[in-house]
1. Please enumerate the residues belonging to the stretch 443-486 that are small (G, A, S), part of a strand (DSSP E or B) and within 16 Å of the ligand (Cβ to nearest atom).
2. Take the residues in the stretch 234-261 that are within 9 Å of the ligand (Cβ to nearest atom) and surrounded by fewer than 21 Cβ atoms within 10 Å (Cβ to Cβ); name whichever of them is nearest to C418 (Cα to Cα).
3. Surrounded by fewer than 23 Cβ atoms within 10 Å (Cβ to Cβ), in a helix (DSSP H, G or I) and at pLDDT 95 or above: does that describe V356?
4. In the stretch 1-93, which helices (runs of 4 or more DSSP H) lie fully inside it and hold 1 or more residues that are over 29 Å from A116 (Cα atoms)?
5. Just name the residue that is farthest from the chain's Cα centre (by Cα) out of those in the stretch 209-233 that are surrounded by fewer than 23 Cβ atoms within 10 Å (Cβ to Cβ) and in a helix (DSSP H, G or I).
6. Which of the residues that make up the stretch 169-188 are away from the ligand (no atom under 13 Å from the Cβ) and assigned to a helix (DSSP H, G or I)?
7. How many of the residues making up the stretch 102-128 are surrounded by 18 or more Cβ atoms within 10 Å (Cβ to Cβ) and under 21 Å from E27 (Cβ atoms)?
Amino acid sequence: MMDLEMVVENFIAGVMVPCKRTLDSYEPGTGKVWAKIPDSGTLEVNAAVAAAKRAFPEWSGLPIQERAKHLLKVADLLEKRLEEFAVAESRDQGKPVWLAKAMDIPRAVLNLRHFAQTVPNNLNTSNVRTDAGVVNYTVREPVGVAGLISPWNLPLYLLTFKLAPALICGNTVVAKPSELTSVTAYMLCKVLQDADFPAGVVNMVFGTGPSAGEALVSHPEVPLVSFTGSTATGKHIAQVTAPMFKKLSLEMGGKNAAVVFSDCDLDACVNTLKRSSFVNQGQVCLCTSRIFVQRPIYETFLEKFVDIAKEIKVGCPFSQEVFMGALNSKPHLEKVKKYVKYAVEDGGSVLCGEGVDLLILPEDNKQGYFMRPTIITGLDDNSRCMQEEIFGPVTCVVPFDTEEEVVKRANNSNFGLCASVWTSNVGIAHRMAHKLKVGTVWTNCWLVRDLNMPFGGVKASGIGREGTQDSMEFYTEAKTICTKIA
Ligand code: NAD
């Protein structure tokens, strides 16, 4: 296999535009450069915004069912190329190919189909009221050029979760995918060309956050920014966009708790918490990283959880056998490992994984960014590993005694994205769900998603929600029209 497989170009006004300045993009599974991507800046972003602006009147003026047809065609073409996209996503991001095949690419197809099929039935619903000789009604209008910024953990999945609602609502788009995972977004541009998608409606500019991202979010002709990424970047974007009164959606970090009561189905719980802690190498914003276990089952839980974690196969993302591939980048791997050191400094015990279990890798993957699933106990709730987002295969387990106590402790976090509760008592499940300060609570399950339901976080995890209704409201403005009729 050649080392350099991909040369990514910007996609502006329907054509691929090479960029003289490029960045190396590494394949996490091998540690080798496998793609060159544009190092875009203001010039490229300005060209993309101008193209999106030119395309806006025609695209927003199309009947919504026509826009839906365009999106459905892209979904069909993408689905036909599932295998190729899954391999590219895996090589670019580090996740196992089977996971990209089962989750990332099918979800990208679903995003396109879901919004194309649901929004047309709801968008023009008018709130009609007649009163004293007037009729009032509302219309929802697209906002204009939408700036979309997405992260590296679920590259195509999260990009299309923004792209589909923005487009079906009639906006045109300039997207800036993560500089660490640009390849499938670029491949999607080729699909857009194959689908005869109207030129300029979707523009993709590749490059770093401080350069291309900053130029996009601060552009005066981009009235709406949808961001998914870290809380630090989200905070910065909020500061940049606030004085310009842009519409802003922020989906940011998490420090998600699982609360395990002693009456739960322990085997089902342990199996799901294995997934919620370690799938995608623990790099899903919804991953569990603090597990509170009720004292009577604490030791039994730990034994089962450590056993199941030790059985996890880590290695070549092309292998069907591995559950975990590589972390996304070398600096990120180093950051995650540093947290295991912090845990030891803070008095914790590492029960399995980093520093405890051997990591045996195939020859081709020895330079890749791998680590074993790591479980830590004995930490104080206010320690670094219990408070800061690690975003890797590291989870902390601590005991608790009462419901009242665990509510306070689980809520002792700056973040508030999601939580899971494990119990067979409906009363406990109900009370916990209402008391946890997060955007989503799963009871006896995790990551079961219905795109009709609002998704998002509270506190440092985000502002705004994504989903059928919320995305429709975000990507449009409501206008009230009042007409005198008598
Ligand atoms: P990041 O904040 O480093 O980067 C996210 C995106 O922002 C990238 O495209 C990056 O280039 C861009 N960016 C960086 N600086 C910018 C700037 N000054 N202006 C404009 N854009 C800029 O995040 P990441 O490391 O790519 O992703 C991991 C983070 O994303 C984690 O914190 C994770 O929890 C979070 N995340 C949240 C959700 C959610 O739905 N809440 C989903 C996935 C990931």
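The values are calculated or read from the model by the stated rules, or taken from the named source; none is laboratory data. Not measured: the values here are computed from a predicted model. In this analysis, Cβ positions are derived from the backbone assuming ideal geometry, glycine residues included, and neighbour counts consider all displayed protein chains.
1. G462, the sole residue that qualifies.
2. Going through the qualifying residues, I end up with H236.
3. So V356 does not fit the description; no.
4. Correct list: 42-61, 82-93.
5. S211
6. The answer is V183, T184, Y186, M187, L188.
7. Number of matching residues: 4.
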